[in-house]
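Report on the following structure.
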Amino acid sequence: MILTPIPLEELPAILADLRGRLTGADPLVAEVFERIAATLDLVPLGVDTPQHRADGVALAHRFGIETIDELPMAAYSWDGRAIRTQSESYVLIHEIGHWLVAPPERRGLVDFGLGAGPETGRVEEANAAICVDQETQIEEEALSSLIGILWEVELGQPAIMAFLEQNWLEGWDRAACIDNLADNLANLHRRGLIDANYRPIPPEHFEVKRRVASL
């Protein structure tokens, strides 16, 4: 849920302001920002299109993640085995992000042991499976959001909309906004989820890279 709505027509000016304040920041953080910001040009071509969702399903399958063509409200967003895919395309890719971020031992738990997501129908059961503290919940939510947005960029989707919806522009006029992006990018890199250029690790290299990062 977006905390502070930003009208779409105001986005170019806000992005320009952020671009100016990124001068002197880590060049990789500035480059990631530019990749995301550039997807604003894709918005007029369509948001959450059938092709976007199909590409999200295909990405899940590339990672070996099973999918169910069903509403998450029917059970869970992630039931410990598969993602339910009848949701917005960015939500589907966000769930892939959760799978990427979660340690393997929690991938078999409903909603990754984090508690019910906003799309999950069986809320009480999902919350009963919580096995992490609040700090971990907050950290993994941010990382799953950001890696999902980076994958949307790679797939040629309007990632700027998820960037906005998932509150990465909250407090855009304060230094904390850029610091938050930089800190989470660094965390994704430490976890082996993005490469030295801060691009997502492709499925064929993901598990190998993840094992190396954990050593």
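The values are calculated or read from the model by the stated rules, or taken from the named source; none is laboratory data. These numbers come from a predicted model, not from an experiment. Here Cβ is always computed from backbone atoms with ideal geometry, including for glycine, and neighbour counts include all displayed protein chains. We work out accessible area using only protein heavy atoms, side chains counted, and drop any ligands, DNA or RNA first. Shrake-Rupley method; radii C 1.70, N 1.55, O 1.52, S 1.80 Å.
Summing charges over all other residues whose Cβ lies under 13 Å from the Cβ of residue 40, with Lys and Arg as +1 and Asp and Glu as -1, gives -3.
Carbon and sulfur atoms: what percent of the 1.4 Å accessible area of the chain do they account for? Mind dumping the intermediate values first?
Details: 5630 of 10350 Å².
The computed percentage sits at 54.
Selection among 5, 128, 65 by position relative to the dipole of the chain gives 65 as farthest towards the positive end (Cβ unit charges, Cα centre).
Hey, any idea what the orientation-averaged projected area of the convex hull of segment 1-118's Cα atoms comes to, in nm²?
Working: hull surface 36.2 nm².
That works out to 9.0 nm².
Quick one: accessible area per residue over the chain, 1.4 Å probe, rounded to a whole number of Å²? Don't skip to the end; give the middle numbers.
On the way: 10350 Å² over 215 residues.
Ligands and nucleic acids excluded, the figure is 48 Å² per residue.
Taking amide H atoms as placed 1.01 Å from N in the peptide plane, the amide H of residue 194 lies under 5 Å from those of 189, 201, each 5 or more residues away in sequence or on another chain.
Per residue, how big is the convex hull around the C-alpha atoms of the chain? Give it to me in cubic angstrom, could you? That works out to 118 Å³ per residue. Dipole size of segment 1-97 about its Cα centre, with +1 on Lys/Arg Cβ and -1 on Asp/Glu Cβ: approximately 160 debye, rounded to the nearest 20. Taken about its Cα centre, the chain carries a charge dipole of about 640 debye when Lys and Arg each add +1 at the Cβ and Asp and Glu each add -1 at the Cβ.
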